[in-house]
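Asker: If you scroll down you'll find the structure; I have some questions about it.
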Amino acid sequence: MSNLKFSCDSYNNDDLTIHYRIEITPSEKGDIYYGIQLPSYVEQYSTTQFKVTRIKMKTPQTKIITGEIAFSEQTQLQSYYMKLIIVQNGGIQISRSFFNLIEPNKAKLI
């Protein structure tokens, strides 16, 4: 299986955007498929389209993937999680990372 690090601790509270980082170090060669999933009760408020992505891995090497997920202003401000699902050579790995949505900055202090 792959060595996997998944985090979403970078947050832009000006526009309710979560930045995530995935670090995959496979132990063997073979294409990797990955996708991110939110729980259905918060996914409906996400303005980001989710898809399964393929990484061609001819030789095992560390791959770092970054991205962001934006939420609409109607999203309830609380703690949530997202799941990362990875498939390689018939093996499945699942990792969860938690994040907090807090009220966007309405005015900046000088």
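Asker: Out of the residues in segment 1-41 that are assigned to a loop (DSSP other than H, G, I, E, B) and among the polar types (S, T, N, Q), state the one that is surrounded by the fewest Cβ atoms within 10 Å (Cβ to Cβ). Give the derivation first.
Answerer: Narrowing segment 1-41 to residues assigned to a loop (DSSP other than H, G, I, E, B): 1-2, 13-16, 26-31, 38-39.
Within this subset, residues satisfying the condition of being among the polar types (S, T, N, Q) are 2, 13, 27.
Details: Ser2: 20, Asn13: 13, Ser27: 11.
That would be Ser27.
Asker: Restricting to segment 71-108, and then to whatever is in contact with a strand residue (DSSP E or B) (Cβ under 6 Å, 6 or more places away or on another chain) and basic (Lys, Arg), can you tell me which residue is surrounded by the most Cβ atoms within 10 Å (Cβ to Cβ)?
Answerer: Lys83
Results for (1) in contact with a helix residue (DSSP H, G or I) (Cβ under 9 Å, 6 or more places away or on another chain); (2) modelled with pLDDT of 90 or more, shown as yes or no for each residue.
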| residue | (1), (2) |
| --- | --- |
| Asn3 | no, no |
| Glu28 | no, yes |
| Tyr33 | no, yes |
| Gln37 | yes, yes |
| Gly67 | no, yes |
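Asker: Let me ask something additional. Answer yes or no: is there a residue in segment 15-38 that is among the charged types (D, E, K, R) and without any contact (Cβ under 8 Å) to a residue 24 or more places away in the chain.
Answerer: Keep residues of segment 15-38 that are among the charged types (D, E, K, R), which gives 15, 21, 23, 28-29, 31.
Applying the additional criterion that residues be without any contact (Cβ under 8 Å) to a residue 24 or more places away in the chain yields none.
Within segment 15-38 (the criterion being among the charged types (D, E, K, R) and without any contact (Cβ under 8 Å) to a residue 24 or more places away in the chain), the answer is no, since none of the residues qualifies.
Asker: Exactly one condition in (1) surrounded by 15 or more Cβ atoms within 10 Å (Cβ to Cβ); (2) of a type outside the set (A, V, I, L, M); (3) assigned to a strand (DSSP E or B) is not met by Glu68; state its number.
Answerer: Tallying (1) surrounded by 15 or more Cβ atoms within 10 Å (Cβ to Cβ); (2) of a type outside the set (A, V, I, L, M); (3) assigned to a strand (DSSP E or B), Glu68 fails exactly one: (1).
Asker: For residues in segment 46-65 being in a loop (DSSP other than H, G, I, E, B) and within 15 Å of the chain's Cα centre (by Cα), which is modelled with the highest pLDDT?
Answerer: Taking segment 46-65 first, the residues in a loop (DSSP other than H, G, I, E, B) are 47-52, 56-62.
Those left that are additionally within 15 Å of the chain's Cα centre (by Cα): 47-52.
Details: Thr47: 89, Thr48: 90, Gln49: 88, Phe50: 89, Lys51: 92, Val52: 95.
Among those that are in a loop (DSSP other than H, G, I, E, B) and within 15 Å of the chain's Cα centre (by Cα), it is Val52.
Asker: For segment 24-54, which positions are farther than 14 Å from Lys83 by Cα and among the acidic types (Asp, Glu)?
Answerer: Glu28, Asp31
Asker: Has segment 42-62 got at least one residue that is of a type outside the set (Asp, Glu), loosely packed, with under 11 Cβ neighbours inside 10 Å and touching a residue at least 40 places away in the same chain (Cβ under 8 Å)?
Answerer: no
The values are calculated or read from the model by the stated rules, or taken from the named source; none is laboratory data. Since this is a predicted model, take the numbers as computed values, not measurements. Note: ideal-geometry Cβ built from the backbone for every residue, glycine included; neighbour counts use all protein chains shown.
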